[in-house]
Amino acid sequence: MKKKMSQKMNTRKLMILAGLMLVMILAFTACQAKLAEPQTVKVGTLAGPTGMGMAEMIVNGVDLGENVTTEFTVAGAPDQLTASVISGEFQIAALPSNLAAVLFNKTEGQVVLGSVNTLGVLYIVADETAGVASIADLKGKTIVASGQGSTPEYVLNYLLQKNGLTPGVDVTINYVAEHSEAVTQLAAGQATIAMIPEPFVTTITSKKANIKVAVDMSKAWEEASNGSQLQMTAVVVNKDWAEANPKVLEQFMEAYEASINAVNDNPAEGAQNIVAAGIMTDATLAEKAIPNCNIVFIPVKDAQESLNEYYTILAGFEPKAVGGKVPGEDFYVLGK
């Protein structure tokens with residue numbers, strides 16, 4: 001009799017213990033559910049080459065995990081994004097790489113490098129009768145250019161000097177406010193040589209058969225700087241958000257690399273997505289421009305050496321171009 005009572009008590013204890021364990025499991029699961037609160041990752045990018053690699057992500061969406069949604073904004077100019085990047089409203093943004101350095105310095109390290117997404121998109125185009133096939137050939141010439149007071153001017157001046165030419169002395173440079181103005185002058189025959197970025201290069205070479213690409217500024221940069229890449233646009237990330245959401249950031253970067261590969265591997269489909277995403281308005285033009293836009297995915301650890309060289313050169317011309325000083329190691333923290 002006592003044995004049966006003991007067995008019943010043991011069974012009851014086991015049932016109570018099992019019940020307590022079930023309660024604890026449910027409570028733990030509930031806590032985990034609370035931690036996985038819904039969030040919207042806000043991503044900013046620019047029209048033109050800077051945003052081309054995000055086209056597939058924008059159009060088809062991106063899976064960053066349960067309860068995570070993504071909101072993309074395509075802006076026409078960097079200053080339409082900077083305030084939101086500084087405030088932390090945008091967790092991720094694709095911008096000119098020198099602006100990435102400026103934001104890092106301005107926020108005292110709260111905006112850091114996520115990847116490099118395009119190399120150089122600058123080209124010197126010229127009438128085929130102008131006799132220009134290299135930077136050195138610009139001696140004694142007049143060139144129209146856009147981007148005065150920003151990266152294009154610094155890149156041009158650096159390459160001229162590396163080729164023994166003094167800007168304004170050996171080469172006359174007429175700066176215009178917009179890239180489209182340079183294209184207009186070329187189209188009208190008012191200029192025969194110009195430095196412009198894609199997709200404006202494709203625009204003018206498609207309109208006028210006598211205008212050809214004379215100098216690829218990316219290749220000229222590599223030759224002048226011992227193989228350093230001209231890394232012109234980059235993805236920046238909010239540091240606090242990145243540290244709190246490492247898995248989400250990892251999934252974003254994986255999806256971004258796949259999106260870039262899709263655009264490069266299939267320009268026709270990529271061009272359609274670029275137009276659908278609001279990055280460009282002409283699919284035919286976009287398809288022709290993609291091969292010359294140097295759209296890449298370079299992770300932080302692989303970008304640091306060339307980007308540091310780029311920043312050092314820019315700072316030598318104008319310190320404010322990189323926010324007063326070349327970013328230190330903390331800028332590359334996501335690659336460590």
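The values are calculated or read from the model by the stated rules, or taken from the named source; none is laboratory data. Quantities reported herein were computed from a predicted structural model and do not represent experimental measurements. All Cβ positions, even for glycine, are placed from backbone atoms using ideal geometry, and neighbour counts span all protein chains on display. For accessibility, only protein heavy atoms count, side chains too; no ligands or nucleic acids. Shrake-Rupley method; radii C 1.70, N 1.55, O 1.52, S 1.80 Å.
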Might you work out the accessible area of Ile173 for me, using a 1.4 Å probe with all protein chains in place, and round it to the nearest 10 Å²? 30 Å²
Largest-first principal axis extents, alpha carbons of the range 209-290, Å: 54, 38, 19
What 222 nm value per residue comes from the helices of the chain, counting each DSSP H run with n ≥ 4 as -39,500 (n - 2.57) and dividing by all residues, nearest 500 deg cm²/dmol? -14500 deg cm²/dmol
Of the DSSP H helices in the chain, those whose Cα atoms cover at least 20 Å axially and whose Kyte score averages -1.0 or more: 2-35, 246-265, 300-317
Place a +1 charge on the Cβ of each Lys and Arg in the chain and a -1 charge on the Cβ of each Asp and Glu, then give the dipole magnitude about the Cα centre in debye, rounded to the nearest 20. 2000 debye
Please work out the Cα center distance from the range 141-194 to the range 68-99, rounded to the nearest Å. 29 Å
Label the range 178-243 by shape, choosing from rounded, prolate and oblate, from the square roots a ≥ b ≥ c of the eigenvalues of the Cα gyration tensor; if a/c is under 1.5 it is rounded, and otherwise prolate applies when a/b is larger than b/c, oblate when it is not. oblate
Gained length - Asp302 relative to Gln80, 0.36 nm times residue gap less alpha-carbon distance: 77.0 nm
Hey, could you pull the Cα Rg and Dmax for the range 271-336, both in Å? 16.6, 42
At 1.4 Å probe size, with the rest of the protein present, what percent of the exposed accessible area of the chain is carbon and sulfur atoms? 52 percent
Over the range 173-317, what is the relative contact order in whole percent, taking alpha-carbon pairs under 8 Å and six or more residues apart? 23 percent
Net charge of Cβ neighbours under 12 Å - reference Glu223; Lys, Arg +1; Asp, Glu -1: 0
Taking R0 as 56 Å, what's the FRET efficiency between Ala268 and Phe317 from their Cβ-Cβ distance, rounded to 0.05? 0.90
Using 30 Å as the Cα-Cα cut-off, could you pick out the over-long pairs in Lys141/Lys207; Lys106/Lys301; Lys106/Lys141; Lys239/Lys320; Lys162/Lys212; Lys42/Lys106? Lys106/Lys141
Normalised by the empirical 2.2 N^0.38 Å for globular proteins, what value does the Cα Rg of the range 34-143 take? 1.46
Rounded to whole Å, give me the distance from the Cα center of the range 110-132 to that of the range 271-328. 8 Å
Could you report the accessible area of Lys162 in Å², rounded to 10, computed with a 1.4 Å probe on the protein chains as they sit in the structure? 120 Å²
Mind checking which of Asn294, Asn157, Asn60 has the largest fluctuation in a GNM of the chain, springs on alpha carbons under 10 Å? Asn60
Considering only the other residues whose Cβ falls under 15 Å of the Cβ of Val125, what net charge follows from Lys and Arg at +1 and Asp and Glu at -1? 0
Any chance you could look up the accessible area of Lys325 with a 1.4 Å probe, heavy atoms only, rounded to 10 Å²? 130 Å²
Rounded if a/c is under 1.5, else prolate if a/b beats b/c, else oblate: with a ≥ b ≥ c from the C-alpha gyration tensor eigenvalues square-rooted, which is the range 144-296? oblate
Let me know the charge dipole size of the range 82-178 about its Cα centre in debye, to the nearest 20, where only the beta-carbon of Lys, Arg (+1) and Asp, Glu (-1) is charged. 200 debye
Would you mind calculating the relative contact order of the chain from Cα pairs under 8 angstrom and at least 6 residues apart, reporting the percent as a whole number? 27 percent
Normalised by the residues of the range 92-189, what does the relative contact order come to in percent, with Cα pairs under 8 Å and at least six apart? 24 percent
Quote the convex hull volume per residue of the range 227-274, based on C-alpha atoms, as a whole number of Å³. 125 Å³
Could you work out the Rg to Rh ratio of the chain, with Rh taken as the Kirkwood radius (inverse of the mean 1/r over all Cα pairs)? 1.20
Nearest 0.05, what FRET efficiency do Val333 and Lys208 give at R0 = 45 Å with Cβ-Cβ as r? 0.45
